[in-house]
There are 2 protein chains.
Amino acid sequence: MVVKVALVSFAHVHAPGHVEQLLKRSDVEVLGAFDDNEERGRHYANRYGLRLFKTIDELIKAKPDIAVIDSETSKHKYYIELLAESSIHLFCEKPIGVNLKDALEISNIVKRHGVLFTTGFNSRLNPENTKAREILSSGALGKVSMIRVRVAHPGAIDKWFKDWSEWFTVSQYSGGGGFLDLGIHGADLLRFLLNDEAVEVTGIVSNFTGNYNIDDQGAAVVKFSKGTLGILDAGWTQVLEGLPWSPLEIYGEEGSLIRVELGLMYYTRKQSGWFKPRLQGAVKTTLDELIDAVSKGSQLSVVIDDAVKAQEIIEAAYRSSAEGRVIKLPLT
Amino acid sequence: MVVKVALVSFAHVHAPGHVEQLLKRSDVEVLGAFDDNEERGRHYANRYGLRLFKTIDELIKAKPDIAVIDSETSKHKYYIELLAESSIHLFCEKPIGVNLKDALEISNIVKRHGVLFTTGFNSRLNPENTKAREILSSGALGKVSMIRVRVAHPGAIDKWFKDWSEWFTVSQYSGGGGFLDLGIHGADLLRFLLNDEAVEVTGIVSNFTGNYNIDDQGAAVVKFSKGTLGILDAGWTQVLEGLPWSPLEIYGEEGSLIRVELGLMYYTRKQSGWFKPRLQGAVKTTLDELIDAVSKGSQLSVVIDDAVKAQEIIEAAYRSSAEGRVIKLPLT
């Protein structure tokens, strides 16, 4: 089966990557794209030889199986509602909402219409993280006391956001700055790796560089229901040349796992040594998974509830920082 | 000049190390030891061939230049007051107090009597940390956005505390568990490396293993006056075989510094590469520094105010966890 895909907006920096990825797949037909910024739409349609829809209705009438939404975060809900009503399956960039309320409304829309939905939590599919979860599930590390995830790049220091990506730094469109943008990956990874839910969050979010009128970094402590303490640090303020953007440390009663400059390694007392596990090769993205789910009925790794739960952790960290208190979860 | 040293109590796990260190120095005469636990005192006096004083007054009458206090934390103030009144210079194990109030009273006593005073913040003198501070001071990393210090061992998991060290897990004697015991090193390192003071602290401290009736781990976010976010995680809950107990990550506008399994490395944009600096060889301890200060008038790296300031950061993290709110510093 050839899956028909349409693109909604090129606002997100990942949009070109999505187009390139779709064009490479022989089982995908790219029907075209709509962008409410006409100049931006024309630019990318020309670059990739795509049909440019004049309105979102025209896109819907072309009957795509899947729409890929790469708009400003604040416009996700509007597009999702229109597309889900027409039974179009959805990939929507992360974070799905500008805040938790927005994400919950999106979740309700998606569930009401019963369409398949996923978001760009690709870190879950990274072979090192998949392997880390497998090692955790095997019990090799025992009960986990502490886990630390950092997701950062130097975007604010180096002023990456300008022209068509400047909206990332305007809270009305993005909902939050560096801590939301990258921290939401970390929040998802904490849930994914621990297979547990957060019960308490406290943190400090701040504007360090002053290069944009929005937060550019934050750090939070997240307590999980089984007692694990998670440390999440994220932002656009770390100079990381040559280092992975998203390293990992996990400590348990029976061992430890670290993913640092030597790659993934773990220690387990049961075998009394450090191991460097063999990793799976090819990396799928969540968008690939959605295409496969539509054509072959396969499972999605990331579903709408994952998007909502990660947003809840991040929202709790922002609230903690703003209100100066520890926030208990769930928030709703 | 031969410096005369006496020992007060063998309650702390570092006491044997202190005796061995003193006995090695040709410029030190060990006068003897007092311990309010007679059996414990006799055990160590016999092991090291030391005179055992029957009372603390007998120790004072022997006129040591320096007393090394390795008692339970709750007894520090009592001994410090007696010894400082007799103009004896002091080494006191960390944390100096069971809480900030205790530490401040100790500080007042020490300052009133004008004796030299230091504590066991030996991490400062570690060649990797000394070098890290030098690199930071040189500006190679620019303004620091984020710093992370972890200080942990598996003491609670492996039930290290029993018999003469069980008091570490009794809050009346120790003031706090794993987070105080190891976190205070981290708090001192944050201040030392950044050369800045904390202004806000939030964190979660918990009893993870349940093996003792006291906290065994904690994580805190510490904001410094120049905007740096510090992440401090510490406790007795990390299985770390083969890993350094106290690694380090520092991110700045111009570079980064990490101290992980490959040792200390830093990146600076000014020279566009990763560097593995040459480290100084021999490591002094703060006790060595005190002996040298008494005999040669040299400077101390760690003074009473450092002990108080680190205790303030840790106390703020405990308060944040207990009261569920972000704590502003200074507390006094």
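Among the residues of the stretch B:15-55, the one identified as on the phi > 0 side of the Ramachandran plot and surrounded by 14 or more Cβ atoms within 10 Å (Cβ to Cβ) is B:GLY32.
If you go through the stretch A:255-288 and keep only what is more than 7 Å from chain B (Cβ to nearest Cβ) and either touching a Cys at 6+ places or on another chain (Cβ under 8 Å) or at pLDDT 85 or above (or both), you end up with A:LEU257, A:LYS284, A:THR285, A:THR286, A:LEU287, A:ASP288. Scanning the stretch A:128-179 for residues that are farther than 30 Å from B:ALA152 by Cβ, among the basic types (Lys, Arg) and either in contact (Cβ under 8 Å) with a residue 24 or more places away in the chain or not assigned by TED's automatic domain parsing to the domain that holds A:TYR318 (or both) turns up just one, A:LYS159. Listed by position, the strands (runs of 3 or more DSSP E) inside the stretch A:1-108 whose residues that are over 27 Å from A:LYS284 (Cα atoms) and aromatic (Phe, Trp, Tyr) number at least 3 form an empty set. Within this structure, B:ARG124 passes the test of being touching a Phe, Trp or Tyr at 6+ places or on another chain (Cβ under 7 Å) and crowded, with 18+ Cβ neighbours inside 10 Å.
Only one of the numbered conditions (1) buried (at least 24 other Cβ atoms within 10 Å of the Cβ); (2) within 14 Å of another protein chain (Cβ to nearest Cβ); (3) closer than 26 Å to B:ILE69 by Cα; (4) touching a His at 6+ places or on another chain (Cβ under 9 Å) is not met by B:TRP245, and that is (1). Within the stretch B:230-242, the set of residues being under 18 Å from A:ILE204 (Cα atoms) and either hydroxyl-bearing (Ser, Thr, Tyr) or facing chain A (nearest Cβ under 7 Å) (or both) comprises B:ILE231, B:ASP233. Just one residue in the set A:LEU182, A:LEU141, A:LEU136 is within 24 Å of A:GLU249 (Cβ to Cβ), aliphatic (A, V, I, L, M) and surrounded by fewer than 24 Cβ atoms within 10 Å (Cβ to Cβ); that residue is A:LEU136.
Number of residues in the stretch B:295-332 that are within 13 Å of chain A (Cβ to nearest Cβ), touching an Asp or Glu at 6+ places or on another chain (Cβ under 8 Å) and surrounded by fewer than 16 Cβ atoms within 10 Å (Cβ to Cβ) equals 1. Residues of the stretch A:7-20 that are touching a Pro at 6+ places or on another chain (Cβ under 8 Å) and farther than 12 Å from A:ALA45 by Cβ: none at all.
Inclusion of A:GLY175 among residues that are of a type in the set (Gly, Ala, Ser), more than 14 Å from every other protein chain (Cβ to nearest Cβ) and buried (at least 23 other Cβ atoms within 10 Å of the Cβ) is warranted. Among the numbered conditions (1) under 30 Å from B:PHE208 (Cα atoms); (2) surrounded by fewer than 21 Cβ atoms within 10 Å (Cβ to Cβ), the only one that B:GLY273 does not meet is (1).
For A:ARG40, only one of the following conditions fails: (1) touching a Ser or Thr at 6+ places or on another chain (Cβ under 7 Å); (2) among the charged types (D, E, K, R); (3) closer than 24 Å to A:SER174 by Cα. What is its number? The single condition A:ARG40 does not satisfy is (1). For the stretch A:277-292, a residue qualifies if it is in a helix (DSSP H, G or I) and in contact with a strand residue (DSSP E or B) (Cβ under 8 Å, 6 or more places away or on another chain), and the qualifying residues are A:THR286, A:LEU287, A:GLU289, A:LEU290, A:ILE291.
Scanning the stretch A:56-74 for residues that are more than 11 Å from A:VAL8 (Cβ to Cβ) and polar (S, T, N, Q) turns up A:THR73, A:SER74. Against the numbered list (1) outside any loop (DSSP other than H, G, I, E, B); (2) among the acidic types (Asp, Glu); (3) at pLDDT below 90, A:GLU241 comes up short only at (1).
Scanning the stretch B:205-229 for residues that are at the interface with another protein chain (Cβ under 7 Å from one of its Cβ atoms), part of a strand (DSSP E or B) and surrounded by fewer than 24 Cβ atoms within 10 Å (Cβ to Cβ) returns B:SER206, B:LYS223.
Hey, does the stretch A:267-276 have a residue that's at positive phi and part of a loop (DSSP other than H, G, I, E, B)? Yes; the residues of the stretch A:267-276 include at least one that is at positive phi and part of a loop (DSSP other than H, G, I, E, B). Looking at the stretch A:95-107, is at least one residue closer than 21 Å to A:ASN195 by Cα, within 13 Å of the chain's Cα centre (by Cα) and modelled with pLDDT under 95? No; the residues of the stretch A:95-107 include none that is closer than 21 Å to A:ASN195 by Cα, within 13 Å of the chain's Cα centre (by Cα) and modelled with pLDDT under 95.
The values are calculated or read from the model by the stated rules, or taken from the named source; none is laboratory data. Not measured: the values here are computed from a predicted model. Backbone-built Cβ (ideal geometry, glycine too); neighbour counts: all protein chains shown.
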